[in-house]
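What follows is a short report on a single structure.
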Amino acid sequence: MLNGGILVDTGTRFTRFPHDFYIVFRYIFRIEVRDIRMVENPVGAFDTCYKEDPNGHDLYFLVVKLYFGSVNPSTMLFLAQEQVVVKYRGLYCLAFKGWNNEYSILGSNQLQGVALSFDTSANTLSFDADGCD
């Protein structure tokens with residue numbers, strides 16, 4: 001079993017973070033989108049969902065930047081709105097979940113449109129946000 005770290009799993013839909021990290025991530029997300037009305041009792045497995053604008057206006061959510069190793073553009077995975085929230089039963093829900101493991105899983109919702117390049121000789125994985133265009 002892994003002790004920390006992150007797995008890339010295209011068979012898992014949503015990214016999962018260790019519970020303690022997820023609580024902090026979710027807290028910051030909620031603060032940043034406080035102007036959008038949050039649902040008191042979200043549906044399904046989601047714990048952070050927002051209602052559509054009753055006037056039909058588009059909602060805009062945060063982008064998320066995931067850094068691997070160091071904080072610089074070469075180790076960043078930029079996640080746009082459709083990779084951060086998912087539309088579920090008429091709600092916009094945070095497309096990340098917490099779980100009781102010490103490692104994270106990067107899921108397919110966050111990998112939409114991202115090309116993965118494996119360098120087996122260097123034992124590395126690279127993300128190319130424009131690789132699927």
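Proximity of backbone amide H atoms, modeled 1.01 Å from N, is registered between THR12 and SER108 at under 5 Å, excluding neighbours fewer than 5 places apart on the same chain.
Order TYR88, TYR103, TYR67 by their accessible area, 1.4 angstrom probe, all chains in place, largest first. Working shown, then result.
On the way: TYR88 65, TYR103 35, TYR67 90 Å².
Highest to lowest solvent-accessible surface, that is TYR67, TYR88, TYR103.
Here the Gaussian network model covers the chain, with springs between Cα atoms less than 10 Å apart; of ASN41, ASN100, ASN123, ASN123 fluctuates the most. Per residue, the chain exposes an accessible area of 63 Å² to a 1.4 Å probe, with every protein chain left in place. In this view, the solvent-accessible surface of ILE105, computed with a 1.4 Å probe and all protein chains in place, comes to about 20 Å².
Cα-based Rg of region 1-101 per 2.2 N^0.38 Å, rounded to two decimals?
For region 1-101, the normalised Cα radius of gyration comes out at 1.14.
Restriction of the GluC sites (Glu not before Pro) in region 37-133 to DSSP coil positions whose beta-carbon has at most 16 other beta-carbons within 10 angstrom yields GLU40, GLU52, GLU102.
Sequentially through region 16-25, phi angles give Karplus couplings (6.51, -1.76, 1.60; θ = phi - 60°) of 10, 10, x, 3, 4, 5, 4, 4, 5, 4 Hz, Gly and Pro residues having no value and appearing as x. Using the Cα gyration tensor of region 91-133, with a ≥ b ≥ c the square roots of its eigenvalues, what is the shape: rounded (a/c below 1.5), prolate (a/b larger than b/c) or oblate (neither)? Oblate is the answer for region 91-133, as a/c is 1.5 or above yet b/c matches or exceeds a/b.
The heavy atoms of SER126 offer some 60 square angstrom of accessible surface to a 1.4 angstrom probe. A cut-off of 5 Å between modelled amide H atoms, ignoring neighbours fewer than 5 places along the same chain, links ILE6 with SER104.
Taking the 1.4 Å solvent-accessible surface of region 32-133 as the whole, the part contributed by carbon and sulfur is 46%.
Summary value for region 17-133: 25 percent relative contact order, contacts being C-alpha pairs under 8 angstrom separated by 6+ residues. Restriction of the trypsin sites (Lys or Arg not before Pro) in region 17-55 to DSSP coil positions whose beta-carbon has at most 15 other beta-carbons within 10 angstrom yields ARG34, ARG37. If you take the Cα centroid of region 94-114 and the Cα centroid of region 39-63, the two points sit 19 Å apart.
Taking amide hydrogens as placed 1.01 Å from N in the peptide plane, the amide H of TRP99 sits under 5 Å from those of PHE17, HIS19, each at least 5 positions away in sequence or on another chain. Highest mobility in the GNM of the chain, judged by mean-square fluctuation with C-alpha springs under 10 Å and restricted to GLY56, GLY98, GLY113, is found for GLY56.
The values are calculated or read from the model by the stated rules, or taken from the named source; none is laboratory data. The shown structure was predicted, so the numbers you read here are calculated from the model rather than taken from an experiment. Please note: Cβ atoms are built from the backbone with ideal geometry, for glycine as well, and neighbour counts cover all protein chains shown. Heavy atoms of the whole protein, side chains included, go into the accessibility calculation; ligands, DNA and RNA do not. Shrake-Rupley method; radii C 1.70, N 1.55, O 1.52, S 1.80 Å.
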